[in-house]
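One structure is given here, and the rest of the page talks about it.
The values are calculated or read from the model by the stated rules, or taken from the named source; none is laboratory data. Bear in mind the structure is a predicted one, so any value in this text is a computation, not a measurement. Note that each Cβ is placed from the backbone with ideal geometry, even for glycine, and that neighbours are counted across all protein chains shown. Only protein heavy atoms, including side chains, enter the accessible area calculation; ligands, DNA and RNA are left aside. Shrake-Rupley method; radii C 1.70, N 1.55, O 1.52, S 1.80 Å.
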Amino acid sequence: MAEIQTFSYHTHTNFSDGSCSLREMVRQAKKIGFTEMGVSDHLIVHKNMKKDDCWEYLKNMEISYVYNDDFKGVLDLFKRHCEEIRKVSKEENFKLYTGFEVDYFPYDGWEEEFKWFIAQLDVDYLHTGNHFFCDESFEHTINMSFFKKICTDKGLYREYMSRHFKTLQKAVESKLFTFLAHIDYVRSLGKEIYDEADFGAEKKQIIAALEKTGTALELSTKGLRKVGDFYGGGEILREAAEKNIAVIISDDAHRCEELGAGFEIAEDELKKYGISKRLKF
Ligand SMILES: [Zn+2]
Ligand SMILES: [Zn+2]
């Protein structure tokens, strides 16, 4: 039997929008035979988060605290979380890496502030994962889940989508991230907004950026749960194999039971496309 990856570096606890505590996640990881785990709760800070139309929706969500507009204001909170990861790792005698899933916003000043923020924290790695669209100045955001409600002009869909892929490319080119999560997460928005066949060139450019920067690509089994297929699978893997890009399987677990979910079929998918290079710390 082929070997199956025994760790995940893309997991969420109730520090962000996960439903289990860090300790519960660790105990489950041990139970299923994981050898180590990366904890990568959301890090989402955009200066206009609470000024844009989207906030009307976000503020009413149970997890509204995940969305922030000021790096300084959340520094202590994130510091404590990083300390908690080290502490639980020791107490549970289980290797944990401290990471974050970062929404990358390319407006002037964001990257400087972000780098300042990260320098204050005891962090092992970062991966991207964008869940927002931006306007052309990147100064304003729309959370993907509410995009249809806010962007009523369908004529703008393609423009938003193209800019989204450009943003992912910029995120990779920033060299801040170990891997790019759910490259085609937008599949979850449906065909009207994202027609897969339509963005081949944009995705190719992202994959070229992965190659150039040595950033790894994620094959996400969350897609299996959300859209019945992988995020980052199929043609994307074919390109990645051609360019010998390292791949990591992720569960993007938001609940204990989701740890390691779908890893067996993910291994088959990697084999099918001849992926030989894998990311492991
Ligand atoms: Zn994500
Ligand atoms: Zn995630």
Evaluate the relative contact order of the stretch 181-271 (contact order divided by residue number), counting alpha-carbon pairs under 8 angstrom at least 6 apart; express in whole percent.
-> 28 percent
Shape of the stretch 8-156, Cα gyration tensor, a/c cut at 1.5 | prolate
In deg cm²/dmol, rounded to 500, what helix-only [θ] at 222 nm does the chain give when every DSSP H run of at least 4 residues adds -39500 (n - 2.57) and the total is split over its residues?
-> -11000 deg cm²/dmol
With the 8 Å Cα cutoff and a minimum separation of six or more residues, the stretch 8-156 has a relative contact order in percent of 26 percent
Pull out the extension gain between D198 and R158, defined as 0.36 nm times the separation in residues minus the alpha carbon to alpha carbon distance; nm, one decimal.
-> 13.5 nm
Any idea what log10 I(q)/I(0) is at q = 0.11, 0.12, 0.23 Å⁻¹ for the stretch 80-200, Debye with uniform C-alpha scatterers and no solvent?
-> -0.46, -0.54, -1.32
Just check the chain against the gyration tensor rule for me: Cα atoms, a ≥ b ≥ c as the square roots of the eigenvalues, rounded for a/c under 1.5, and otherwise prolate or oblate depending on whether a/b exceeds b/c.
-> oblate
Using a 10 Å cut-off on Cβ atoms, rank the peptides 85-97, 7-19 from the highest mean neighbour count down.
-> 7-19, 85-97
Result for the chain: accessible area per residue, probe 1.4 angstrom, in square angstrom, of 44 Å²
26 Å Cα-Cα threshold exceeded, pairs from K79/K175; K154/K272; K31/K272; K204/K280; K95/K222 = K154/K272; K31/K272
Full extension from Y65 to D108: what is 0.36 nm times the residue separation minus their Cα-Cα distance, to one decimal in nm?
-> 13.1 nm
Could you rank D108, D184, D195 by how accessible they are, 1.4 Å probe, largest area first?
-> D108, D195, D184
When we measure straight from the Cα of K47, which aspartates and glutamates land under 15 angstrom away, once same-chain ones fewer than 8 places off are left out?
-> D69, D70, D103, D108, E111, E112, E113, D135, E139
